[in-house]
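Reading through the structure tokens given below for one structure.
What follows is calculated from the coordinates using simple rules that are stated; it is not laboratory data. Bear in mind that the values here come from a model prediction, so they are computed numbers and not experimental data. Methodologically, a virtual Cβ is constructed for each residue, glycine included, from the backbone with ideal geometry; neighbour enumeration extends over all protein chains shown.
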């Protein structure tokens, strides 16, 4: 069971719908009247939470404290949730669930939040970052990798 990305209600039946070019995972009630891209009621088809695939094929991960970063960015701009929701053309209830880390934001919302609040919500996974740093060492020895 997962939460609808529009209304926040838990749902077992998930539809992926197109809303102004953004794909959202919604409950049957919120899917009414929208363009249904696919039916994803089978849990095996659900995307890995917290990972976002970009056009460059570099896999970035949603930071663990994304809710706190969103709240800090919003508070530093001194704007209430209602105003942020209007700025991003998103539902206030959905943004509240994202800020409380009850729902992971979809990629399109992550980009909008980063731009509007001047924050970073995506990063390379720690293991991949350290591997790429290690590859930069030309004369690495076993001692470099053993603690």
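Annotations
- When each of the peptides 96-109, 26-39 is scored by how many other beta carbons lie within 10 Å of its residues on average, the order from highest to lowest is 96-109, 26-39.
- Legend: calculated FRET efficiency, residue 91 to residue 61, from the Cβ-Cβ distance at R0 = 35 Å, rounded to 0.05, equals 0.90.
- Over the stretch 1-46, relative contact order from alpha-carbon pairs under 8 Å, at least 6 apart, %: 35 percent
- Pairwise label distance in nanometres, residue 81 with residue 32, each label 7 Å out on the Cα-Cβ vector: 2.5 nm
- Kirkwood Rh and Cα Rg combined as Rg/Rh, the stretch 1-46: 0.92
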